1. To the nearest 0.05, how large is the calculated FRET efficiency for residue 424 and residue 340 if R₀ is 25 Å and r is the Cβ-Cβ distance?
2. Placing +1 at every Lys and Arg Cβ and -1 at every Asp and Glu Cβ, with all other atoms neutral, what dipole size does the chain have around its Cα centre, in debye to the nearest 20?
3. Quick one: plug the Kirkwood hydrodynamic radius of the range 319-399 (C-alpha pairs) into Stokes-Einstein at 25 °C, 0.890 mPa s, and report D in µm²/s.
4. Per residue, how large is the accessible surface of the chain? Use a 1.4 angstrom probe and give square angstrom.
5. Where the accessible area of the range 343-429 is counted over protein heavy atoms with a 1.4 Å probe, how much of it, in %, is carbon and sulfur?
6. Place a +1 charge on the Cβ of each Lys and Arg in the range 327-420 and a -1 charge on the Cβ of each Asp and Glu, then give the dipole magnitude about the Cα centre in debye, rounded to the nearest 20.
7. Calculate how steeply helix 83-99 sits against the longest principal axis of the alpha-carbon atoms of the chain, using the helix alpha-carbon long axis, and give the answer as 0 to 90 degrees to the nearest 10.
8. Label residue 350 and residue 489 with points 7 Å out from Cα along Cα→Cβ: what is the distance between them in nm?
Amino acid sequence: MGDDSRFAIPVLDENNDVFWKGKKSREMYNEIDLDIIDINSEPPTEEPFRQYYFMAKCREWVLEFERKNGRRPLAFTQTFGCQMNARDSEKLLGILEQIGFQEAEDEKAELVIYNTCTVRENANLRVYGRLGYLNTLKKKNPNMLIVLCGCMMQEPDVVDKIKKSYRFVDIIFGTHNIFQLAELTFKRLEEKRMTVEVWEGTERIVEELPTERKFSFKSGVNIMFGCNNFCSYCIVPYVRGRERSRRPEDILKEIEKLVKDGVVEIMLLGQNVNSYGKSLEPPVSFASLLKQVAHVEGLERIRFMTSHPKDLSEDLIEVMKSSEKICRHLHLPLQSGSTRILKAMNRKYTKEQYLELVYKIRRAIPDISLTTDIIVGFPGETEEDFQETLQVVREVQFDSAFTFIYSKRTGTAAASMENQVPEKVVKDRFDRLLFEVQQISAQVCGRDVNTCQKVLVESLDDHGEGMVTGRLSNNILVHFPGEPALIGKIVNVYLEESKGFYYIGRQV
Ligand code: SAH
Ligand code: SF4
Ligand code: F3S
């Protein structure tokens, strides 16, 4: 920790509270007091203090902007991809708000961040498609800064292409250094040229940065980063790096803080939560973390994403069964119902093992809702393989399934496999799968009709005046007449009618 009194370097006391120059700030996250940072000193080397320093530096620019324009500069973040990216965007917005930016509704802003995804080619194309629009906006607003970050930026080809053909982009960074937003923004403002900083990997997890949550009553919480599974089709391990788990005490501290702040539901996030904690010293299992989280007083609901079938433990099933707080929903990606294809995908389970796991979970927790991800058209997939996928779908009766057309990702093992399936064949299989999935979904999702259930109210219902929308423990939506004041509360609702994918109810 810094001990040079020339610098405004905060130190941590044993309770992890932040001090500056002997003055105590009211803790991390949203309450950093930038006024007490000496911006004329050298930047600290320790994180997160270095970033607090650059936030204070950037704030000078913001104040100058405000003096000239009579308003605060606007910032907009657009998130592509998964929950992990959504959580990262909350952190980015938290940093920007701390600096003094005001959140904008759309891209007409002084700072626009696209937090990108590259899991399928479509995700990339969408980003390129929108960059042209950003360029037009920038021509009208010379103050505008365009920031690209997230998974796409971890691909060297993408960064080369942007450097060459999208010169108007101002800042590029990757998934490992999102915490540096303030530092990189300051650098761009000083140097007045494109700033690129993409780390290939990191061992580091920088805690204690501000976060701006999208919902006041629910929040994602990262429990781990990266992935070690290398499913042969998947680019995530390449762009998110090796698996790193956060320490349970840090996770619990964050959750306790969120609960104090009004959060009643959390979603524990990781690419494969079942391998949580294996590399921690001493190792901690996901089941034991979940047990500890369930003890947090005031927390009402716990969800988690995603669970890889290959290492879902008996202990986890036991913990889920015994805790009321853990939601009755499990997302268990199948990917394919053919053991041969699963092997080529490097998923490390067979069709039979997957089905056995489903039975085991259903025996223990009969009211659980199961959802899944399925890929069609993996290289070498035959009609017989595809029929096996359909068979598993019929047998398991998923509440819902995300279905994807296989997308070739450069650098993955499957990209160089022969027997890529012709587009027309894939499309036809995709349509047949979707039909099957939707039929089943419409039948099984209504099973709780005419019962009373607990609902967490999330928003006003767009479709009906005086209606609100909430979610059951099993993740299904319910619309019912209610006041806006109910948002964020858990209420009892009688499910009067099933509409297939959602219910209409009334509060009781
Ligand atoms: N870690 C999660 C998945 C993250 S990616 C897990 O293992 O379950 C989300 C989903 O995208 C995957 O489950 C998979 O179905 C799909 N996906 C990943 N790579 C893909 C590709 N190359 N083509 C099509 N779908 C893909
Ligand atoms: Fe990708 Fe497989 Fe890791 Fe999921 S577990 S992120 S599908 S490599
Ligand atoms: Fe996409 Fe990255 Fe998530 S590639 S799915 S945003 S981990």
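The values are calculated or read from the model by the stated rules, or taken from the named source; none is laboratory data. In this text the structure is predicted, and so the values were computed from the model without any measurement. All Cβ positions, glycine included, derive from the backbone under ideal geometry; neighbour counts span all protein chains shown. These area figures cover heavy atoms from the full protein model, side chains too; ligands, DNA and RNA do not enter into them. Shrake-Rupley method; radii C 1.70, N 1.55, O 1.52, S 1.80 Å.
1. 0.65
2. 940 debye
3. D, rounded to a whole number, is 184 µm²/s.
4. Result: 46 Å² per residue.
5. 54 percent
6. Dipole size: approximately 380 debye.
7. The angle comes out at about 20 degrees.
8. Output for this residue pair reads 5.4 nm.
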